[in-house]
Every structure is written in C-alpha cells, then in structure tokens.
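Novice: Just passing along the structure, written as structure tokens.
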Amino acid sequence: MKTGKAAFWLGAILAALWWSGPARAQVEIEYWQYTFAQRVQAIDELIKRFEAANPGIKVKHTHVPYDDFRVKIAAAIPAGQGPDVVQLFYGWLQDYLKAGLLQPLPAAAFPASEVEKEFFPIVQQMKVDGKYYALPTAVRSLALFWNKALFKEAGLDPEKPPATLDELVEYAKKLTKRSPNGDLLQAGLTIDMGGQDHHWLREVLIRQYGGAPYSADKKTVTYNTDAGVAATQWYIDLAAKNKVGQIGFLTDGVTAFRSGKAAMTIDGSFRLGALDGQKGLDYGVAELPAHKGIKANFASYWVNGITTKAIGAKQDAAVKFLKFITTPEAMELWMTTVGELPARKSVAEKDANKNHAKYGPFIRGLSYAYATDFVNESAQRKVLIDMVDKVALKNVPTKEAVAQAAAEEQNLLDAFYKK
Amino acid sequence: MIGRSQDLTIAQKRAIWAWAFLSMPVVFYVTIRFYPAAQAFGASFTNWNIVGRMEFIGLANYSRLLQDPAFWKVIGNTFAYLGLGVPISMLASFVIAYFLDRVRFGHGLLRALYFIPHLTTAVAMAWVWRWFYQPAPVGAFNVWLVGLGFPQVAFLRSTTHALPAVLAPAIWAGIGFQIVIFLAGLKAIPRTYYEAATIDGAGAWRVLFEITLPLLRPTIVFLVVTSSIAYLRIFDYVYAMTNGQGGPLDSTKPLVLKIFETAFAHFEMGYAATQTVVLFAILLVISRMQIRLLRSR
Amino acid sequence: MIGIRKTAPGHIAAWTLLLLGGIVMVMPFVFMLAASFKYNNEIYELSLLPHEPTLDNYRRLFERSGFLRWFGNSLLIGTLTTASVLFFDSLVGYTLAKFRFRGRYLVFVAILSTLMIPTEMLVLPWYSMARTFGWLDTYWGVAFPGLMTGFGTFLMKQFFEGVPDDLLDAGRLDGLNEFQVWWQVAMPLVAPALSALAIFTFLGNWTAFLWPLIVITDRNLYTLPVGLASFSGEFQTEWEMVMTGASVATIPTILVFLLLQRYIIRGIAMAGLKA
C-alpha cells in the first residue's frame with residue numbers, strides 16, 4: 001500500500017472514529033447471550049446482515065459461559081451495564097420482570113394479533129398483562145431418541161421405535177442387560193429427573209394419565225390427583241418394578257445415551273448437535289410415545305427481550321434488531337446453523353421441514369406441545385427431583401411424595417403471585 | 001509534634017513506622033473488604049433483588065432463615081464437613097509429612113505426587129471421582145468392594161453416604177497444602193532437641209509427643225484455623241459432584257452453595273446477604289475458639 | 001536427619017507405603033490426562049490407555065479462539081498479584097509480629113476476619129466499584145481484590161515471629177531504618193515462607209473463577225478458568241475438552257511448584273518456626 005493511500009485511509013478511519021464517537025449518526029446497542037458455538041455463529045451472521053441493512057446501527061455481540069450467564073446479568077444490570085437486547089430462557093421471564101429488567105415490546109412493532117397468528121401458541125406465555133415482553137427465534141421440543149445398533153442387537157427392528165408407553169416399556173425390557181449378579185450393564189431407557197424427564201412428567205405423562213399439571217390461570221398446582229400419582233408411579237416403576245434403568249447410571253441420562261450404554265432416552269432437539277458429533281453413535285428420533293390415544297409434548301424456548309436500559313435511540317435500534325432476528329429468513333438461517341426449530345408456524349410446517357428425518361418428529365410435536373409457566377424454574381425442577389428421590393431413597397409412599405411436591409410447588413407459586 | 005521528634009521514645013518512633021507500614025494495607029482492607037462487607041450486612045435487612053428497589057424489612061430475612069428447615073439441614077451439613085474434614089485431613093497430612101520428612105531418596109518426587117491433587121481443578125477431578133463412585137462394573141470402588149466380598153455401596157445415591165462421598169475428593173485435593181506446611185514446620189525443629197532426646201534414650205513416641213508436636217504448635221494452629229475455614233466454606237467439589245444441587249435431598253448442601261443459589265439462581269440478594277452474615281458469624285466464632293484453645297500457655 | 005538410626009526394613013516399609021500412597025493420590029489426575037487423549041466415544045470408560053489415542057482434543061483446544069490468550073492473561077495477572085501479595089502481606093505480617101503498638105491485636109483480628117467473608121457476597125459491591133472507576137474489562141479490574149490477603153498476612157506473621165529480635169536489633173545498630181531492617185534483614189530469613197506463599201497465591205489466582213467472570217466481558221481478556229468454562233453448555237459438556245483444558249491448565253502450576261518446593265522446605269530451618 002502506497003504511503004499516500006495509507007495515510008488517506010488512516011485519516012479517513014480516524015475521522016470516522018472521531019465522528020462516530022459522540023454517537024451522532026451511529027447508535028450502538030449490545031446483545032448478550034450465553035456461549036453456544038452455533039448460536040454465536042448464527043447471531044454473528046444475523047448481525048452482519050442487520051448492520052448491512054441498517055447502516056446507522058452497530059450491534060455489539062457479547063456471549064458469556066452458560067453456568068454464569070445469570071450471575072453476569074445479575075451483576076451488570078444493577079450497575080447500569082449490560083445488554084440492550086438480552087437472551088433469556090422463557091422460564092425466567094417472571095424473574096426478570098420482577099427484577100424490572102425488561103420493557104414491554106412496543107405494540108406498533110409487534111402487534112399481539114400478529115404474534116398470535118404467526119408464532120406457535122406456546123409463545124403466548126411471553127404476554128403478561130396484555131403486553132409481550134420477549135420473542136423467540138427458535139423453539140425446542142422433546143422426542144424419543146433410540147440407538148439403532150442396540151435395537152438390532154436385541155432383535156428389534158432398528159427403524160421401528162415404540163409408539164406407546166406400553167411399547168416403550170416392552171422394548172426397554174428387551175434392551176436392558178444385566179450382569180449375573182444384577183449390575184446394570186445397559187439401560188433400556190434413561191431415568192434422569194434432573195435432565196428433561198421432569199418436563200416429560202409434568203406436561204406429558206400427567207396429561208396422558210388424564211390429569212393436568214396446573215390450572216388454566218397457572219396459579220394452582222393440579223397434579224395432586226389420582227392421575228398425577230398414577231403418572232408418577234409409572235415413572236418410578238420404570239426403575240423400581242420394570243427395572244429398565246437406574247437413576248444415576250453413568251452419572252446422567254445424556255452420558256448414558258452418548259456412551260451407547262442406554263438404548264433410549266427422552267431428550268430435546270438441542271441434543272442433536274452433540275449426538276451428531278458423538279463418534280460411532282447411530283441413532284434415530286421419533287415422536288414421544290402416546291398413551292391411551294393422548295399425545296402431548298413439552299416445548300421450551302430461549303427468547304430475546306429488550307432491557308429497561310435501552311431508551312431513546314437505543315430503544316429504536318433494539319426494536320429493529322429484535323424484529324430482524326424474528327423474521328422467517330432469520331429462522332431459516334437459525335435452523336440450518338443451530339438446528340433449532342423455527343418459532344413461526346409457517347416456516348416450521350413447510351413440508352421439507354415437517355418430514356425431515358431428525359427435525360420432523362420435533363416439529364410435529366410442537367403442534368401438541370405445552371410450555372410450563374415457570375415462576376422459578378430451578379426451584380420447581382428441584383421439587384420434582386426431590387419427589388422422586390424421596391420415593392427411591394427414603395421409601396416415602398408415592399401418594400405422599402406427590403402431595404408434598406404439589407404443596408411445595410404451590411408455595412412457590414403463591415409466594416410469587418402474592419407479590 | 002514536628003519540632004519535638006527527638007523527644008519521641010524509641011517505642012513511639014517504632015509505632016509510627018508500624019502505622020506507616022500499615023497505612024496502605026489498612027486503606028485496602030477497609031475499602032475492598034470491610035466496606036463491601038458492611039454493604040452486604042446492610043443488604044441483609046432489605047428485600048433487595050438486583051434492581052434498585054431496596055426496602056428495609058428489618059429482621060424479616062433472619063426470621064425467615066431460622067424458620068426454614070432447609071437452612072438447618074444446610075447448617076448441619078456444613079458442620080459435618082468441618083467435623084469430618086478437619087480431623088481426617090490433619091491426621092492424614094501429619095502422618096504423611098512425618099514419614100516423608102525422614103525419606104531422603106526420591107523425596108522430591110514423593111512430595112510432588114502428594115501435592116499434585118492440590119493443583120487440579122475441581123470440575124475435572126469431580127468428574128473422575130463420580131465415575132469411581134458408580135456401581136459395578138463401571139465404578140472402581142464398588143468393583144473392589146465386590147472383589148473383597150463386600151456388598152456394593154451407593155455412594156452418591158444415598159442421603160447418608162453422599163456427604164462423606166463428596167467430602168473425600170475435597171480432602172484428597174486439600175491435603176497437599178497441609179503436607180507442605182507440616183514439612184516446613186518439621187524441618188524447622190532444630191536437631192539439637194532430637195539429639196538431646198537420643199542421649200536421654202527416649203523412644204520415638206515420646207519424642208513425638210514431647211518434642212515434635214509441642215514445637216509444631218504454631219504450624220498446627222495455623223493449619224487447624226485455615227482448614228476449618230476452608231471446610232466451612234466448601235463449595236467447588238460439592239457443586240461439581242452434585243450438578244449444583246447439593247443433593248440428593250439436600251444431604252450434601254453446604255451454606256455457601258445455598259448462598260450461591262439464593263443470590264444467582266433466585267436473585268434474592270437481600271436473603272443471600274443474610275446467609276453470608278450467618279456464615280461470617282460461624283467462621284468468626286469457630287476461629288476465635290480454636291486460636292484460644294490452641295494458644296501456648 | 002534425626003540422628004536416630006532407623007532399622008532398614010522399617011525404613012523400606014515406610015518408603016514403600018509412601019510410594020503406594022503417592023500413586024493412589026495421583027490416580028485421578030492420571031485418568032484425567034488419559035481422557036484428554038481420547039475421542040469422545042472412549043472417555044466413558046475409565047481406562048488408562050486409549051484404544052485410539054488422539055491429539056485431536058489438544059488441537060481443538062489450541063485452535064479454539066483465545067486459548068493461548070487466556071493462558072497468557074492468567075499468567076500475567078497471577079504473577080502481578082503474587083508479587084503484590086508477597087510484598088504487602090510480608091510487610092503487614094512483619095509489622096504485626098515485631099512491633100508493639102496500640103491496636104495491634106485489633107488490626108490482626110480484623111485482617112484475619114477478612115478470611116471469613118465469602119467472596120460471593122463481595123462481588124456485587126466490587127463490580128459497582130470497578131464500574132465507577134472504569135476498571136471493567138481491564139487487568140487491574142481482575143487483580144485489585146486480591147492484591148493483599150489475610151491468609152498470607154497470617155502466614156507471614158507466624159513465620160516472622162520465629163525471627164530472632166537480636167538480628168533485627170543488630171540491623172538497627174548498623175544504621176538501617178525500619179524499612180531496610182525488614183527488607184534486608186528479616187525478609188531473607190523467611191524466604192522459604194515466601195516461596196510457600198508464592199505458590200499458594202499463584203495457585204489461588206490461577207483457579208479463580210467467579211470474580212474474573214463477572215468483571216470481564218471481553219473474551220480476549222478472559223482468564224483460563226473462565227475460558228475453559230465455555231466448554232460447558234446449557235445441556236451438554238464436552239468432557240473430553242474439559243479434561244484436556246484442565247490438563248493444560250495444570251502445567252504451569254506444577255512447574256511453579258517443582259521450581260520452588262525445594263526452596264521452601266529446606267530453608268525453613270533457618271527461619272525457625274518457634275513456638
């Protein structure tokens with residue numbers, strides 16, 4: 001590069017920097033999410049496209065290790081730092097609202113009628129007091145994963161997974177291997193309340209046994225019923241009576257399935273990336289087993305919201321950015337890059353996607369999925385983990401354990417809604 | 001004072017030097033430790049939950065804490081970690097240091113072997129230990145037990161065994177530190193004492209109890225106090241070995257984990273501050289008791 | 001060393017037991033190292049030798065953006081903090097051990113009590129402080145809470161108590177001022193304690209996680225533990241990478257220890273840890 005030209009560019013760059021300093025024509029907003037390689041990649045690409053289409057706006061992309069994503073936010077926001085647009089798990093919405101971290105999305109840019117028409121129904125939980133506070137780019141649901149090689153070995157058709165809960169148990173029994181003195185060598189099904197099983201119990205099994213986990217207004221726990229106890233008992237019997245698995249086998253369900261020592265597992269679409277990267281694992285995905293003709297699924301999603309920190313020009317920029325990352329095109333990009341399902345029905349239900357070998361079962365599951373309205377996701381998850389542990393480790397009768405769990409969760413809900 | 005410096009006694013001049021040396025450190029400790037701690041103490045009387053609105057609620061947090069059965073379980077666990085961790089680790093590290101001290105050949109290598117666990121990260125080591133604790137045929141410990149004719153033990157999947165099971169890697173990782181300090185203390189004992197004992201014909205046990213241990217008193221005091229504080233504050237290994245749960249059924253949960261959960265999962269900063277005040281009080285009382293008990297007469 | 005002749009068999013038995021014990025102590029570490037050389041389909045068996053050894057994990061570790069930078073950051077911050085701690089903790093420890101003045105016990109107890117304040121509660125006030133002074137995303141921001149410690153002060157005080165006053169007085173008679181007496185006479189006598197403190201301070205810094213995570217947002221400034229945490233996701237952990245990262249992270253600490261360990265133990269006799 002000739003000196004003259006270099007000097008010109010240097011001068012131009014310095015001028016541009018000086019010019020953009022006092023933020024006259026340029027607005028800079030910050031976007032925070034947790035560190036997940038594919039999502040980081042997707043956002044970087046979306047930011048590139050967004051900035052090209054919106055020359056006056058710059059988006060600073062920050063990502064934080066997952067374990068401490070919330071710690072970081074908890075530290076930043078009260079100090080006036082942090083993001084203008086922030087990623088959060090849908091189950092944290094209540095926490096964030098209580099802490100005053102999010103502002104409602106302007107109805108002009110995100111009309112409620114449009115959201116309700118375009119997005120999957122589960123997204124309606126992001127509406128509080130008539131206003132939407134956050135929107136997802138992608139959603140996830142649950143499905144049954146099975147190990148084709150282990151199926152073949154057990155004499156089962158590797159392309160035919162179980163379709164009902166009864167078949168699930170039947171197949172699992174054939175797929176369970178034990179040593180002569182009873183040690184579990186291979187589990188038919190993973191049993192891990194700390195993983196996705198608590199969602200499976202809550203929104204799927206309880207419904208399939210004729211009950212419902214919560215009341216319509218979300219404020220009352222309704223699984224302390226015969227249906228709830230029956231569903232819980234069925235789950236506990238997997239290990240206790242049918243002996244198709246063991247809590248804590250190979251430390252957790254994901255590890256057991258990945259290592260090829262568990263033949264089936266209930267898990268979410270987010271698991272696809274890891275399983276594809278697992279050397280030597282040949283697996284299939286199927287819709288969750290039905291029971292008595294009832295199909296249900298649990299969907300979860302990460303959403304993006306606008307923080308209370310974004311005001312004036314930053315707010316406008318944040319609104320534009322949020323709109324951009326929830327367009328159908330953004331969702332298509334997201335699906336191919338991250339492997340998560342589009343939050344807009346029109347995109348998800350395209351034939352190519354609905355019949356996809358891996359995404360298909362998840363997408364089809366979305367049409368009958370429910371997303372729990374958590375007030376405190378970690379505490380509510382713990383209630384179910386403890387419930388199962390009480391029966392397994394302390395021999396508490398199932399009926400009592402369920403009653404105690406329902407009471408504990410009800411306390412959590414009451415404490416929240418009272419404020 | 002200025003013109004009369006020649007009238008200051010040596011003691012007074014020394015005192016001025018002392019305070020000069022202490023000036024920067026005092027400022028540091030006040031601004032970096034005491035002031036924030038005072039802020040936290042103040043927060044314990046509020047219902048602060050991250051953003052702004054901090055309302056004074058008096059002792060409500062404290063009464064809530066005292067009435068929470070989970071809190072008492074956690075206190076019990078914390079003292080269990082102390083009551084098991086300190087004696088076991090002190091005894092083990094002393095025995096190892098005592099014999100290691102007498103070894104010449106390969107001393108450096110052996111010392112390094114015992115210290116390496118102290119250099120590892122809890123996350124990685126916890127994962128390895130979790131595999132050791134698995135039932136047979138995966139878990140080494142159970143495989144040995146069965147091989148020796150004993151029944152298998154559910155280490156982590158048991159409300160009674162889980163706490164010691166989680167404590168074990170923490171002791172394993174912490175011992176290296178105690179061994180090194182003991183070695184230093186043992187080396188510091190002048191040979192003349194031992195030579196005199198030989199002349200007197202004293203046996204190894206007498207030497208140990210009448211010479212070695214008394215002369216190791218400052219070392220022992222230091223290690224008991226610092227180890228106690230460490231075990232009362234245990235966190236890393238519990239978090240890593242129980243997926244952050246402190247389970248099963250809260251049987252392994254120490255106070256620091258409860259604080260972490262309250263502050264960073266429930267965002268209840270005021271309530272978390274209350275728990276840290278309690279932790280601080282416990283640490284203060286225990287350390288003072290120990291220093292007094294172990295102080296030379 | 002003690003002058004009591006040990007019977008040969010007794011000596012050998014003790015030595016063998018120590019060796020066995022040492023090997024047992026080191027086993028988990030060895031498994032971790034072994035896992036770092038395995039593909040992810042093998043790490044679920046705790047075997048010492050991989051069927052299919054690979055350097056792939058190490059390659060991924062070094063190629064993943066920032067690993068070397070994180071390593072360098074941790075090294076820089078660790079060294080600076082250790083130097084500060086060695087200086088100030090010794091100065092304060094010495095003052096508390098060798099000077100008589102009003103308020104001495106109070107200062108000691110106050111500093112000791114800082115050991116009991118858990119970091120978890122201090123991080124939010126520290127964050128506000130860092131933000132006010134513009135220390136966020138800087139090396140200073142990571143380092144400032146750890147520049148002096150109650151632990152080191154306690155340790156150095158104990159060791160300084162063993163330094164004979166006559167030597168200090170001799171220095172004063174030679175015309176040295178108090179600072180010089182400390183620096184030139186007392187400090188060399190506690191060199192082994194300083195080595196011990198150096199190791200423990202460096203180690204504590206090397207593995208510190210919570211505070212660096214909070215104060216730094218710029219990935220280029222991550223310290224090693226924070227960077228390695230990015231292998232853990234919302235639902236999955238790439239264990240083979242955690243093992244590899246942890247293995248590499250242990251190398252400097254082992255080196256530091258090997259370098260300084262002889263020095264600590266051998267020379268302490270000179271300082272004399274008296275009752």
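Novice: With segment C:1-116 as the region, which helices (runs of 4 or more DSSP H) entirely inside it contain at least 1 residues that are within 12 Å of another protein chain (Cβ to nearest Cβ) and under 30 Å from C:Leu168 (Cα atoms)?
Specialist: It comes to C:67-98, C:104-113.
Novice: Follow-up question, since we're still on this one. Select from segment A:27-46 the residues that are in contact (Cβ under 8 Å) with a residue 24 or more places away in the chain and in a helix (DSSP H, G or I) and list them in ascending order.
Specialist: First, the residues of segment A:27-46 that are in contact (Cβ under 8 Å) with a residue 24 or more places away in the chain: A:27-36, A:38-39, A:41-43, A:45-46.
Across segment A:27-46, the qualifying residues are A:Gln38, A:Arg39, A:Gln41, A:Ala42, A:Ile43, A:Glu45, A:Leu46.
Novice: List the pairs whose first member sits in segment B:124-144 and is within 7 Å of chain C (Cβ to nearest Cβ), whose second member is assigned to a loop (DSSP other than H, G, I, E, B) and surrounded by fewer than 21 Cβ atoms within 10 Å (Cβ to Cβ), and whose Cβ atoms are under 6 Å apart, counting only residues at least 6 apart or on separate chains?
Specialist: B:Trp131/C:Leu46
Novice: Taking A:Phe257 and the conditions (1) assigned to a helix (DSSP H, G or I); (2) surrounded by fewer than 24 Cβ atoms within 10 Å (Cβ to Cβ), which numbered condition does it fall short on, given that it satisfies the others?
Specialist: (2)
Novice: Just one of the numbered conditions (1) in contact (Cβ under 8 Å) with a residue 60 or more places away in the chain; (2) more than 25 Å from the chain's Cα centre (by Cα) is not true of B:Thr159; which one?
Specialist: With respect to (1) in contact (Cβ under 8 Å) with a residue 60 or more places away in the chain; (2) more than 25 Å from the chain's Cα centre (by Cα), B:Thr159 is out only on (2).
Novice: Inspect segment C:224-235 for any residue being surrounded by fewer than 18 Cβ atoms within 10 Å (Cβ to Cβ), in a helix (DSSP H, G or I), facing another protein chain (nearest Cβ under 9 Å) and more than 24 Å from the chain's Cα centre (by Cα) and give the result as yes or no.
Specialist: Looking through segment C:224-235, none of the residues is surrounded by fewer than 18 Cβ atoms within 10 Å (Cβ to Cβ), in a helix (DSSP H, G or I), facing another protein chain (nearest Cβ under 9 Å) and more than 24 Å from the chain's Cα centre (by Cα).
Novice: From the list A:Glu340, A:Glu377, A:Glu329, A:Glu349, pick out the single residue that is within 14 Å of another protein chain (Cβ to nearest Cβ), surrounded by fewer than 23 Cβ atoms within 10 Å (Cβ to Cβ) and over 20 Å from A:Leu238 (Cα atoms).
Specialist: Every option except A:Glu377 fails the conditions.
Novice: If you go through segment A:287-297 one residue at a time, do you hit one that is out of contact with any Leu (no Cβ under 9 Å at 6 or more places or on another chain) and either part of a strand (DSSP E or B) or at negative phi (or both)?
Specialist: Looking for residues that are out of contact with any Leu (no Cβ under 9 Å at 6 or more places or on another chain) and either part of a strand (DSSP E or B) or at negative phi (or both), one finds at least one in segment A:287-297, hence yes.
Novice: Cβ-Cβ below 9 Å, separation at least six or inter-chain, first residue in segment A:97-108 and within 14 Å of chain B (Cβ to nearest Cβ) and over 12 Å from A:Leu135 (Cβ atoms), second at pLDDT below 85 and part of a helix (DSSP H, G or I): which pairs?
Specialist: A:Lys98/A:Phe416; A:Ala99/A:Ala74; A:Ala99/A:Ile77; A:Ala99/A:Pro78; A:Gly100/A:Ile77; A:Leu101/A:Ile73; A:Leu101/A:Ile77; A:Leu101/A:Asp95
So that you can scan it fast, the table gives a plain yes or no per residue for (1) away from chain B (no Cβ under 14 Å); (2) touching a strand residue (DSSP E or B) at 6+ places or on another chain (Cβ under 6 Å); (3) modelled with pLDDT of 95 or more:
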{"position": "A:Ala143", "(1), (2), (3)": "yes, yes, yes"}
{"position": "A:Trp146", "(1), (2), (3)": "yes, yes, yes"}
{"position": "A:Asp157", "(1), (2), (3)": "yes, no, no"}
{"position": "A:Leu168", "(1), (2), (3)": "yes, no, yes"}
{"position": "A:Ala172", "(1), (2), (3)": "yes, yes, yes"}
{"position": "A:Asn181", "(1), (2), (3)": "no, no, no"}
{"position": "A:Leu185", "(1), (2), (3)": "no, yes, no"}
{"position": "A:Gly194", "(1), (2), (3)": "no, no, no"}
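Novice: Among the residues of segment A:231-249, is there at least one that is under 30 Å from C:Asp56 (Cβ atoms), within 14 Å of chain C (Cβ to nearest Cβ), in contact with a Gly (Cβ under 8 Å, 6 or more places away or on another chain) and buried (at least 22 other Cβ atoms within 10 Å of the Cβ)?
Specialist: no
Novice: Please go through (1) under 19 Å from B:Phe132 (Cα atoms); (2) of a type in the set (D, E, K, R); (3) without any contact (Cβ under 8 Å) to a residue 40 or more places away in the chain for A:Asp237 and return the number of the only condition it doesn't satisfy.
Specialist: Exception for A:Asp237: condition (1).
Novice: Turning to a different aspect of this structure: Scan A:Ala403, A:Ala392 and give me the residue that is farther than 23 Å from A:Val303 by Cα, away from every other protein chain (no Cβ under 14 Å), touching a residue at least 24 places away in the same chain (Cβ under 8 Å) and more than 22 Å from the chain's Cα centre (by Cα).
Specialist: Testing whether each residue is farther than 23 Å from A:Val303 by Cα, away from every other protein chain (no Cβ under 14 Å), touching a residue at least 24 places away in the same chain (Cβ under 8 Å) and more than 22 Å from the chain's Cα centre (by Cα) leaves just A:Ala403.
Novice: Considering A:Ala52, A:Ala107, which residue is at pLDDT 85 or above and assigned to a loop (DSSP other than H, G, I, E, B)?
Specialist: Checking each option against the conditions leaves just A:Ala107.
Novice: Another question about this same structure. Across segment A:335-344, what is the number of residues that are at pLDDT 90 or above and in contact with a Leu (Cβ under 9 Å, 6 or more places away or on another chain)?
Specialist: Selection size over segment A:335-344: 2.
Novice: Could I ask something else about it? Would you point out the residue of segment A:260-272, among those that are within 14 Å of chain C (Cβ to nearest Cβ) and part of a strand (DSSP E or B), that is surrounded by the most Cβ atoms within 10 Å (Cβ to Cβ)?
Specialist: A:Ala262
Novice: Another question about this same structure. When the residues of segment A:273-287 are filtered to those that are under 18 Å from A:Lys148 (Cβ atoms) and touching a residue at least 24 places away in the same chain (Cβ under 8 Å), which remaining residue is surrounded by the most Cβ atoms within 10 Å (Cβ to Cβ)?
Specialist: The qualifying residue surrounded by the most Cβ atoms within 10 Å (Cβ to Cβ) is A:Tyr283.
Novice: Are any residues in segment B:145-162 outside any loop (DSSP other than H, G, I, E, B) and more than 9 Å from chain A (Cβ to nearest Cβ), and if so, which ones? Full working, then the answer.
Specialist: First, pick out the residues of segment B:145-162 that are outside any loop (DSSP other than H, G, I, E, B): B:145-147, B:162.
Listed by number, the residues that qualify are B:Leu145, B:Gly147, B:Ala162.
Novice: Let me ask something else. For the list (1) of a type outside the set (Asp, Glu); (2) within 21 Å of A:Lys261 (Cβ to Cβ); (3) free of Cβ contacts under 8 Å to residues at least 12 places away in the same chain, I need the number of the one condition that B:Thr121 fails.
Specialist: Result: B:Thr121 passes all but (2).
Novice: Considering each residue of segment C:125-161, count those that are over 18 Å from C:Thr207 (Cα atoms), of a type outside the set (D, E, K, R) and without any contact (Cβ under 8 Å) to a residue 40 or more places away in the chain, and give that number.
Specialist: Total satisfying the criteria: 7.
Novice: Could you list, in sequence order, the residues of segment B:195-223 that are over 19 Å from the mean Cα position of the chain (by Cα), within 24 Å of B:Arg295 (Cα to Cα) and crowded, with 16+ Cβ neighbours inside 10 Å?
Specialist: Hits for segment B:195-223 are B:Val207, B:Ile211, B:Thr212, B:Leu215, B:Leu216.
Novice: Take the residues in segment A:78-137 that are crowded, with 17+ Cβ neighbours inside 10 Å and of a type in the set (Asp, Glu); name whichever of them is farthest from the chain's Cα centre (by Cα).
Specialist: Once the filter is applied, the top-ranked residue is A:Asp84.
Novice: Next question. Please indicate, with yes or no, whether at least one residue in segment A:171-181 is more than 28 Å from A:Gln278 (Cα to Cα) and in a helix (DSSP H, G or I). So that I can check it myself, show each step before the final result.
Specialist: Taking segment A:171-181 as the starting set, the residues that turn out to be more than 28 Å from A:Gln278 (Cα to Cα) are A:180-181.
Now drop any that are not in a helix (DSSP H, G or I), which leaves none.
No, the conditions are met nowhere in segment A:171-181.
Novice: Out of curiosity, is B:Val166 more than 7 Å from chain C (Cβ to nearest Cβ), crowded, with 18+ Cβ neighbours inside 10 Å and not in a helix (DSSP H, G or I)?
Specialist: So B:Val166 fails the test.
Novice: Take the residues in segment B:228-263 that are of a type in the set (Ser, Thr, Tyr) and assigned to a loop (DSSP other than H, G, I, E, B), then tell me which one is modelled with the lowest pLDDT.
Specialist: B:Thr242
Novice: Restricting to segment C:125-173, count the residues that are modelled with pLDDT of 90 or more, more than 11 Å from chain B (Cβ to nearest Cβ) and not in a helix (DSSP H, G or I).
Specialist: Residues meeting the conditions: 2.
The values are calculated or read from the model by the stated rules, or taken from the named source; none is laboratory data. Computed from a predicted structure; not experimentally measured. So basically every Cβ, Gly included, is an ideal-geometry build from the backbone, and we count neighbours across all protein chains shown.
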